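Worksheet for the structure shown next.
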Amino acid sequence: MILHAVELTYVGRFRETVELRPFDRGLTILAAPNEAGKSTVLRAVARTLFDKHTTRSDEIKSLQPAGTDLAPRVAVEFETAAGRYRIEKTFLQSPRSLLKHWQAGTWQPLAEADVADRRVQELLQSTLPGRGATRPEHWGFLGFLWARQDEPVAWPTLDDEAVGHATGSSWRAQR
């Protein structure tokens, strides 16, 4: 997956809409002073890519600006081998999910609500828990690459059905 852009509204310290773009295909480093919102951005991206729009867990509630009941809204533009996509989610009040696909120079709606959430999971080869927010072990291969500050990490193993077998067979095929 290649991350291209992030848009946040009512997320943490970002009460107005903030866009971070463009991210290059190589290594991207978010550098800013302490308390500027770097961890908030990464947490919002992970929740948008991996959680259902209807999730009401503490992880989602922690995205709200302190002392408010505002509904966090996040859009993430990303690319996989299947193409370029934009997932837009509103959490908590009037939850919404809309997946768009970049075609012919414009964003075309592809799916919404639960179907959009499932399509993103398929694109990222991740899984959903029975209830609540996802954890890194649900994030498929990205669970190997995405470690968050101040959170314990449970790395997927090659024995994991969703990650290890696909990665292992791909690796063996290349040898």
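The values are calculated or read from the model by the stated rules, or taken from the named source; none is laboratory data. Treat the numbers as computed from the prediction; the structure is a model and nothing was measured. Counting neighbours? That spans all protein chains shown, and the Cβs are built from the backbone with ideal geometry, glycine included. When the accessible area is computed, the model is the full protein with side chains, heavy atoms only, and any ligands, DNA or RNA have been set aside. Shrake-Rupley method; radii C 1.70, N 1.55, O 1.52, S 1.80 Å.
A few notes on this one:
- Filter result for E112 (at pLDDT 95 or above, closer than 22 Å to L8 by Cβ, acidic (D, E) and under 12 Å from the mean Cα position of the chain (by Cα)): no
- Unmet requirement for A66, which otherwise passes all of (1) of a type in the set (A, V, I, L, M); (2) modelled with pLDDT of 95 or more; (3) open to solvent by 70 Å² or more (accessible area, probe 1.4 Å): (2)
- Residues of the range 25-54 satisfying the condition of being in a helix (DSSP H, G or I) and β-branched (V, I, T): T40, V41, V45, T48
- Close Cβ contacts (under 9 Å, 6 or more residues apart or on different chains) running from residues in the range 128-141 that are loosely packed, with under 15 Cβ neighbours inside 10 Å to residues that are at pLDDT 70 or above and not in a helix (DSSP H, G or I) comprise R131/T55; R131/S57.
- From T40, T48, residue being out of contact with any Gly (no Cβ under 9 Å at 6 or more places or on another chain) and of a type in the set (S, T, Y): T48
- The set of residues in the range 69-100 that are more than 19 Å from A46 (Cβ to Cβ) and open to solvent by 30 Å² or more (accessible area, probe 1.4 Å) comprises D69, L70, A81, A82, R84, Q93, S94, K100.
- A count restricted to the range 55-78 and to residues that are more than 12 Å from the chain's Cα centre (by Cα) and either within 29 Å of Q103 (Cα to Cα) or outside any helix (DSSP H, G or I) (or both) stands at 15.
- Filtered residue count, the range 28-63, keeping only those that are of a type in the set (S, T, N, Q), more than 21 Å from R15 (Cβ to Cβ) and crowded, with 21+ Cβ neighbours inside 10 Å: 1
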